[in-house]
Structures are given as C-alpha cells and as structure tokens.
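First up is the structure itself, then whatever we jot down about it.
The values are calculated or read from the model by the stated rules, or taken from the named source; none is laboratory data. All values reported here derive from a predicted model rather than from experimental measurement. Cβ coordinates were reconstructed from backbone atoms using ideal geometry, including for glycine residues, and neighbour counts include every protein chain displayed.
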Amino acid sequence: MFGLEMWQVVAAIAVTVFAGFVKGAIGFAMPMIMLSSFGSFLPPTTALAALILPTLLTNILQAFRQGRAEAWRSTMAFRWHIAMVLVFIAISAAFVRDIPQGLMYALLGIPIVAFALWQLSGRPINLPVRHRRRAQIATGVIGGLYGGISGIWGPPLIVLLLATGTEKRDQIRVQGVVFLVGAVMLTVAHLFSGVLNPQTIPLSAMLCIPGLIGLYLGFALQDRMDVGQFRRWTLALLVLTGLNLIRRAFEIGF
C-alpha cells in the first residue's frame with residue numbers, strides 16, 4: 001500500500017492522529033511531530049511529502065475556527081511575517097536536496113530551547129511595540145528558510161507570539177493563519193520540486209483523515225485550558241520540539 005509495508009502505514013496513521021491532537025490542543029507542532037517520527041521509518045522525501053496535505057487541511061480549520069473576519073484581522077496584523085515566510089519557503093524549497101539538514105536543525109533547535117527554558121524560569125522576554133515589525137520580518141525569514149527545507153516553519157512564530165504576549169485565542173488563530181499560508185506555499189513548492197508526486201500524494205491525502213480526528217480531539221482539550229495552562233504547555237512543547245530538532249541534527253549529522 002502506497003509502496004510501503006503495512007506496518008509503516010499503520011505507524012504513520014497513529015503518528016498523524018497524535019500530531020493532530022497536539023495541534024488541536026496547543027495550535028502547532030503537527031509537522032514537527034510527523035517529520036521527526038516519520039523519519040524513523042520512512043525515506044526522507046516520503047516523510048516530508050506525507051505531512052504536507054494533512055498540515056494544509058488542519059491549518060485551514062484552525063485559521064477559520066473563529067470566522068473569516070478574525071482570520072483576515074490576524075493576516076493583516078502579521079503580514080510582514082507572512083510575506084517573509086512565503087518568499088523564503090519558495091527560495092529554500094528549491095535547495096531541499098542540497099542543504100545539510102542536520103546543521104539547519106541544530107541552528108533552529110538550540111535557540112528555541114534556550115528561549116523556552118528562559119520563559120519557563122519566570123523571566124519572560126517581552127518585545128517592545130516599536131520593534132515588532134522588525135521581529136516579524138526576522139522570524140519570517142528564519143521560518144521560511146527552514147520551512148522549505150524541512151516542512152517546519154512554526155517555532156520562530158511561536159517565539160514571536162510569546163514574546164509579544166499574544167492572547168490565547170489570538171495566538172491559536174494567528175498560528176493557524178500563518179501556518180496555512182506557509183502550507184499553501186509549501187504544497188505548491190513541492191509540487192514543483194518533485195517531493196509531491198503521483199507516488200506520494202495518495203499517502204499524504206489518506207493521512208488527512210487521522211489528522212482531522214486528532215485535531216478535533218485536541219480542540220476539545222484546548223477549550224478547557226486556561227491561559228496559564230496554555231502558556232505552560234506551549235513552552236513545554238517548545239522545549240521538546242527544540243530538543244527533538246537537536247536530536248535530529250546529531251542523528252542526520254552535520
């Protein structure tokens with residue numbers, strides 16, 4: 001099935017349900033969980049292709065959960081970040097087979113872990129209003145560069161949202177909007193790069209179903225969490241995400 005062993009398909013489904021649940025609860029980490037797990041039992045380009053359509057579909061639902069007007073407001077508020085993500089996903093996707101992914105994972109994972117641990121220590125980093133446009137541009141460039149190569153462009157945005165003290169519902173929606181725009185660009189970019197092709201598209205499409213199941217289970221948990229719980233879980237997941245990126249860096253090699 002899909003050119004894979006049956007156990008690989010079952011494992012991919014289980015991972016996708018869990019990744020969808022985490023995304024529904026916290027608003028991010030679906031592609032990170034899928035890519036890091038898939039990399040253990042799928043070829044690298046197949047692992048990347050498999051996460052693309054579930055990520056696209058779940059981001060549509062997350063972005064528009066409070067309606068089109070709110071989604072548009074979030075788009076305008078973070079337009080500089082979105083623009084940079086789009087441009088640099090398109091640029092970096094063309095080099096997905098050439099850039100050393102181990103080095104990229106390490107350069108992203110280390111500062112993410114440092115930021116999240118600092119925040120969890122009770123010493124939050126607050127970004128002044130006057131610097132927010134520059135911060136959007138910088139985090140958008142970083143996210144886009146990593147996104148085209150690995151399918152992961154969320155951590156720099158999460159850092160930006162936490163540093164600016166964004167409210168829970170707004171944070172979830174902004175993440176959905178930015179991730180959706182990036183997911184569209186990633187899908188288009190990898191149709192051209194050949195990562196998404198007649199062999200990998202059916203697998204990615206099939207994984208949309210377990211992704212949706214997990215997402216709605218996660219939404220139910222998200223609605224029950226208060227702001228403090230949401231922030232702590234977000235930071236904890238950010239630490240785990242960064243550590244996993246570092247692990248992948250050493251696993252792949254520099």
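May I ask you to verify whether Arg65 is more than 15 Å from the chain's Cα centre (by Cα), surrounded by fewer than 20 Cβ atoms within 10 Å (Cβ to Cβ) and at pLDDT 90 or above?
Details: more than 15 Å from the chain's Cα centre (by Cα): yes; surrounded by fewer than 20 Cβ atoms within 10 Å (Cβ to Cβ): yes; at pLDDT 90 or above: yes.
Against the criterion (more than 15 Å from the chain's Cα centre (by Cα), surrounded by fewer than 20 Cβ atoms within 10 Å (Cβ to Cβ) and at pLDDT 90 or above), Arg65 qualifies.
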Exercise. For residues that are surrounded by fewer than 24 Cβ atoms within 10 Å (Cβ to Cβ) and of a type in the set (S, T, N, Q), scanning just the range 6-61, find the one that is modelled with the highest pLDDT.
Key: Gln8
Quiz item: What is the number of the single condition among (1) closer than 17 Å to Leu157 by Cβ; (2) under 11 Å from the mean Cα position of the chain (by Cα) that Met34 does not meet?
Solution: (1)
Quiz item: What tally of residues in the range 155-194 results from selecting those that are crowded, with 24+ Cβ neighbours inside 10 Å and outside any helix (DSSP H, G or I)?
Solution: 0
Quiz item: Only one of (1) buried (at least 21 other Cβ atoms within 10 Å of the Cβ); (2) of a type outside the set (Phe, Trp, Tyr); (3) modelled with pLDDT under 80 fails for Asn126. Which number is that?
Solution: (1)
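If we keep just the residues of the range 199-254 that are part of a helix (DSSP H, G or I) and among the charged types (D, E, K, R), which is surrounded by the most Cβ atoms within 10 Å (Cβ to Cβ)? Before the answer, list the steps.
Taking the range 199-254 first, the residues part of a helix (DSSP H, G or I) are 201-206, 208-222, 227-252.
Restricting the remaining residues to those that are among the charged types (D, E, K, R) gives 231-232, 247-248, 251.
Details: Arg231: 18, Arg232: 13, Arg247: 14, Arg248: 20, Glu251: 13.
Ranking the candidates gives Arg248 first.
Among the residues of the range 132-154, count how many are among the β-branched types (Val, Ile, Thr), more than 17 Å from Asn244 (Cβ to Cβ) and crowded, with 24+ Cβ neighbours inside 10 Å.
The first filter runs over the range 132-154 and keeps only residues among the β-branched types (Val, Ile, Thr), leaving 137, 139, 141-142, 149, 152.
With more than 17 Å from Asn244 (Cβ to Cβ) added as a condition, the list becomes 137, 139, 141-142.
Keeping just the survivors that are crowded, with 24+ Cβ neighbours inside 10 Å gives 139.
Residues flagged as among the β-branched types (Val, Ile, Thr), more than 17 Å from Asn244 (Cβ to Cβ) and crowded, with 24+ Cβ neighbours inside 10 Å within the range 132-154 amount to 1.
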